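Following: one structure in structure tokens, then a few remarks.
The values are calculated or read from the model by the stated rules, or taken from the named source; none is laboratory data. Small disclaimer: the values here were computed from a predicted structure and weren't measured. Cβ coordinates were reconstructed from backbone atoms using ideal geometry, including for glycine residues, and neighbour counts include every protein chain displayed.
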Amino acid sequence: MRTLVIDHPLVAHKLTTLRDETTDSATFRQLVGELVALLAYEATRELRVVPVEIATPVAPTTGVHIARPRPLVVPILRAGLGMLDGMTHLMPTAEVGFLGMVRDETSLVASTYADRIPHGLEGRQVFVLDPMLATGGTLVAAIDLLLARGASDVTAICLLAAPEGLQRLEEAYANRPVDVTVVTAAVDECLNDKGYIVPGLGDAGDRLYGVV
Ligand code: URA
């Protein structure tokens, strides 16, 4: 398991505005898109490409195209949906699968309520969008489902991560023959007794959509 914390002034600036409780939903949504594009730029650094021969107006040359099978982007509903535009903007040829997961606010256990993930993910690079890596329960359940469908290379893009969640992923995947990477803008201090990231940014779904 690999964790990549993107240390960049633009990332830090946008994240600070997201954290600010006075930021309204419209601004929040726009900033999430911008932040995801910056994180995705790093998260796709090892995207597989194939050489292609093309001709510029001046001369023939060799370039690259994204390899097939196409990468799969999986936003975890509901809050991950707010990250989808930023990701597909950067990688318009990716396919998109949807996973609806909800965590019980008392037990903090995640359960699946919607599954539009294809089978046969062997050889495909998968990018999971989940803004808040808190206990890690939701992300581990999502990654386990993707591995069960044949994936072996999964990158999770999270706006924020808690040390507890990273630890849970480390325990889940350290000794398995799979590539799991978390790309995040920051690792915060801890979780509070309700499972919220501290200082965090609150409930990402509520901040994005303004409703519970
Ligand atoms: N989910 C959120 O939206 N926020 C947190 O802080 C933790 C989980």
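Modelled with pLDDT of 95 or more, in contact with a Cys (Cβ under 8 Å, 6 or more places away or on another chain), more than 15 Å from the ligand (Cβ to nearest atom) and not small (G, A, S) - does that describe any residue in the range 195-207?
Scanning the range 195-207, I find no residue that is modelled with pLDDT of 95 or more, in contact with a Cys (Cβ under 8 Å, 6 or more places away or on another chain), more than 15 Å from the ligand (Cβ to nearest atom) and not small (G, A, S), so the answer is no.
Give A134, A162 a once-over and let me know the one that is within 16 Å of the ligand (Cβ to nearest atom) and without any contact (Cβ under 8 Å) to a residue 40 or more places away in the chain.
Only one candidate qualifies: A162.
Which residues, counting only those in the range 47-67, are among the charged types (D, E, K, R) and either in contact with a helix residue (DSSP H, G or I) (Cβ under 6 Å, 6 or more places away or on another chain) or surrounded by 11 or more Cβ atoms within 10 Å (Cβ to Cβ) (or both)?
R48
List the strands (runs of 3 or more DSSP E) that sit entirely inside the range 115-209 and contain at least 3 residues that are in contact with a Phe, Trp or Tyr (Cβ under 9 Å, 6 or more places away or on another chain) and under 18 Å from F98 (Cβ atoms).
Strands (runs of 3 or more DSSP E) meeting the threshold: 153-161.
Is at least one residue of the range 63-84 closer than 30 Å to D203 by Cα, within 16 Å of the ligand (Cβ to nearest atom) and assigned to a loop (DSSP other than H, G, I, E, B)?
Checked the range 63-84: at least one residue is closer than 30 Å to D203 by Cα, within 16 Å of the ligand (Cβ to nearest atom) and assigned to a loop (DSSP other than H, G, I, E, B).
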